[in-house]
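Shown next, in structure tokens, is the structure this report addresses.
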Amino acid sequence: MHRSKMTSSSAIVTSAAALEALAAELGAAPAIALDTEFMRERTYRAELCLVQVATARTACCVDPLALDSLEPLAAPLASPATLKVLHAARQDLEVLAPVAGRFAAIFDTQVAAALAGFAAQIGYGELVSRLLGVTLAKAHTRTDWAKRPLSAEQVDYALDDVRYLLPLRDTLLERLDQLGRLDWLTEELEPLSHSAGNGVDPDKAWQRLKGLQGLDPGRLALAAALAAWRERRAIDRNRPRGWILDDIALREIILRVPRSKPELAAIPEMQEGVVRNSGDDLLAMVDAAGIPQPAPPLPRRERPDPALALLVKKLAGVNQEVAAALGLSPEVLATRRDLEQLARGAMPDSLARGWRRDVIGAPLRAAL
């Protein structure tokens, strides 16, 4: 089924005067729909290419590539009096953080849908289809949004991403009210106004690395140094961190502890240009880590603990039973990592507070 679209402006906002007028209209609206199109394949920072906005009456696009500044949008984005409705909001908020500075009053239809019984990561198009009976076009899913001019079809496709957000919000709120879960929703949405746009702290970039469990202190220090160096260089050059140093190559440096450029070059995933241009920096970090020669042996891979695996399976069964009774996807209540942490004797923070504490935290504790 196709539903007629709301009235929309075919024009893209490309002038400062038009942006000022739009910002005033958005600031006066109780709720606005919001989405972005951006490119980041070749850069560290996302290149904002289009901002789509809609109120209950109109929808339009803002062209950041034609404007010197989007500063007028900061006021409505930061205003607690104007609700911003997005789907899978985190990336959009990250991209808009330089514009907004801060955010307030965020509603994420994907979060709300999960609490209403839909799949935890349900896509916007599927949600629109299932709740509103509208089939969205998919013709421009691979559009290069940095190219100009945009066709009328591209603009219409982009506007579809905001045309239905406000009706989705209304429908989801009605369902959650009937289920008695509006308090759950408030709790889930609250962090979105505070966590968006903070970026990655280079000194904490090592926390994103995998496979560091059980390593000796020297290798852990090397991991922290390499990750921070890569993050800072990616930021300074505005290039993807993988272009600076591939994840696999970084991990191999940590494990192999090369002491010379030939040893660096012997790493299969290591690019010749990295050795040539950054080899001295990498070897200096190896030296600074104070890893003895020869390097300490790598940790042996532990066999899975059968008792622990059995307990995790038991907890997963409890989680599935509670989720089924509530009509929720199990991962909305507790993730696999949550269950493993609990099986090891530590209560995850997400299960120890808020609505999950009684809904799933208590049954899981009882199962222990």
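The values are calculated or read from the model by the stated rules, or taken from the named source; none is laboratory data. These numbers come from a predicted model, not from an experiment. Here the Cβ is made from the backbone with ideal geometry for all residues, glycine too, and neighbour counts use every protein chain on show. Accessible surface areas use protein heavy atoms only, side chains included; no ligands, DNA or RNA. Shrake-Rupley method; radii C 1.70, N 1.55, O 1.52, S 1.80 Å.
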Amide H proximity to Ala31 below 5 Å, modelled H, separation 5+ or other chain, gives Leu83
Vicinal HN-Hα couplings computed from phi for the stretch 44-50 (Karplus, 6.51 cos²θ - 1.76 cosθ + 1.60; Hz; Gly/Pro x): 6, 8, 4, 8, 6, 10, 7
Using the Karplus curve 6.51 cos²θ - 1.76 cosθ + 1.60 with θ = phi - 60°, work out ³J(HN,Hα) for each residue of the stretch 344-361 in order, rounded to whole Hz, and write x for Gly and Pro. 7, x, 10, 7, x, 4, 5, 9, 9, 8, x, 5, 5, 4, 8, 5, 10, x
Under-5 Å amide H pairs with His87, H placed in peptide plane, nonlocal only: Thr109
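So, by mean Cβ neighbours within 10 angstrom, what's the order for 17-23, 165-171 with the highest one leading? List each step's numbers first, then the result.
On the way: 17-23: 16.6, 165-171: 20.4.
In descending order of packing, they fall as 165-171, 17-23.
With the cut-off at 29 Å, report for the chain the share of all Cα pairs above it, as a whole percent. Spell out each step's value before the answer.
Details: 37835 of 67528 pairs.
Looking at the chain, the distances longer than 29 Å represent 56 percent of pairs.
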Evaluate the charge dipole of the stretch 22-146 about its Cα centre and quote only its size in Debye, nearest 20, assuming +1 on the Cβ of each Lys and Arg and -1 on the Cβ of each Asp and Glu. 300
Pop a pseudo-label 7 angstrom from the Cα along the beta-carbon direction at both Lys314 and Asn238 and give the gap in nm to one decimal. 5.6
Could you compute how fast the stretch 228-279 diffuses translationally, taking Rh as the Kirkwood radius over C-alpha pairs and applying Stokes-Einstein at 10 °C with viscosity 1.306 mPa s? Give it in µm² per second. 142
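Kindly provide the helix-only [θ] at 222 nm of the chain, computed as the sum of -39,500 (n - 2.57) over DSSP H runs of four or more divided by all residues, to the nearest 500 deg cm²/dmol?
Working: 19 runs with 185 residues, N = 368.
After summing the helix terms and dividing by the residues of the chain, the value is -14500 deg cm²/dmol.
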Taking Lys313 as the anchor, which aspartates and glutamates have their alpha carbon closer than 18 Å to its alpha carbon, excluding any fewer than eight residues away along the same chain? Asp305, Glu321, Glu331, Asp338, Glu340
How many percent of the accessible area of the stretch 245-368 is carbon or sulfur, using a 1.4 Å probe? 51
Extent of the stretch 276-368 along each principal axis, from alpha carbon coordinates, in Å, largest to smallest? 59, 30, 21
What are the lysines whose alpha-carbon lies under 23 Å from the alpha-carbon of Lys84, with same-chain residues fewer than 8 places away excluded? Lys5
Please report, in cubic angstrom per residue, the volume enclosed by the convex hull of the alpha-carbon atoms of the stretch 152-273. 207
Amide H to amide H under 5 Å from Val13: which residues, 5+ apart in sequence or cross-chain, H placed 1.01 Å off N in plane? Cys61, Val62, Asp63
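Quick one: with all protein chains in place, what share of the accessible area of the stretch 11-134 is carbon or sulfur, to the nearest percent (1.4 Å probe)? The partial results should precede the final answer.
Working: 2580 of 4870 Å².
Carbon-and-sulfur percentage of accessible area, whole number: 53.
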Could you put Lys204, Lys261, Lys313, Lys210 in order of accessible surface area, largest first, with the 1.4 Å probe and the full protein assembly present? Lys210, Lys313, Lys204, Lys261
Would you work out which of Gly327, Leu311, Leu245 lies farthest towards the positive end of the dipole of the stretch 236-342? Charges go on Cβ: Lys and Arg +1, Asp and Glu -1. Leu311
Determine the distance separating the Cα centre of the stretch 340-368 from the Cα centre of the stretch 134-204; give it in Å without decimals. 30
Averaged per residue, what accessible area in Å² does the stretch 200-343 show with a 1.4 Å probe, protein chains only? 60
Expressed to two decimals, the stretch 54-101 has a Cα Rg over Rh, using the Kirkwood radius, of 0.94
Work out the FRET efficiency for Ala288 and Thr186 from their Cβ-Cβ distance, taking R0 = 51 Å, and round it to the nearest 0.05. 0.60
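Determine the per residue accessible area of the stretch 1-146 with all protein chains present and a 1.4 angstrom probe, expressed in square angstrom. Write down the numbers at each step before the final one.
Values: 6710 Å² over 146 residues.
Heavy-atom accessible area per residue stands at 46 Å².
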Residue-ordered couplings for the stretch 127-135, obtained by feeding phi - 60° into the Karplus form 6.51 cos²θ - 1.76 cosθ + 1.60 and rounding to whole Hz (Gly and Pro as x), are 5, 4, 5, 6, 9, 10, x, 10, 9
For the stretch 46-173, the Cα-Cα pair-distance distribution in 10 Å bins from 0, as whole percents, is 11, 42, 37, 9, 0
